[in-house]
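Below is one structure, written out as structure tokens, with a few remarks after it.
The values are calculated or read from the model by the stated rules, or taken from the named source; none is laboratory data. On a predicted model such as this, the values are computed, not experimentally measured, just so you know. Neighbour counts are summed over all protein chains in view; Cβ atoms, including those assigned to glycine, are modelled from backbone coordinates with ideal geometry. Please note that ligands, DNA and RNA were not included when accessible areas were found on the heavy atoms of the full protein model with its side chains. Shrake-Rupley method; radii C 1.70, N 1.55, O 1.52, S 1.80 Å.
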Amino acid sequence: MVGITGGEATLRPDLVELVRSGMGGGLLRGNFLYCRAGVTVLGLEHDGRVVGCPVIHSSFNTQGDARTQRVVDIWRSRFQPFRDRGWLRQGGCASCNEWPLCLGGSMHNRDDSGALTRCTANVLKQGVTGFPK
């Protein structure tokens, strides 16, 4: 998924598309660069909170309360932070050439304001090119 061009590591769209299509290893989500939390999956916590994903600890994760709302109504009317990812194009993502491939990466790599705490594309590049992790 990573290629070296002119000494610089970049994500190869052809390989990303191969993984996205389910080939090249059959990843559980089809594409590990793009998080499906709140798009095709949700979580229901022990206290009734309806969340995009149980491993996301940021405040934007909670979208409703199953004790007082119907889950289907929450699903249909909430989860915009997960579905409209434009708000994530900030910081390092603002000018990143890899944005069309990852759309900001996994949501659990974001803090409460949406700032990136770990870039999946950079982690992949560092692992391939031998840069310190």
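The table that follows gives values for the structure above.
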{"item": "Distance in nm between pseudo-label sites at TRP75 and ARG36 (7 Å out along the Cβ direction from Cα)", "result": "1.4 nm"}
{"item": "Whole-percent carbon and sulfur share, accessible surface of the range 50-133, 1.4 Å", "result": "53 percent"}
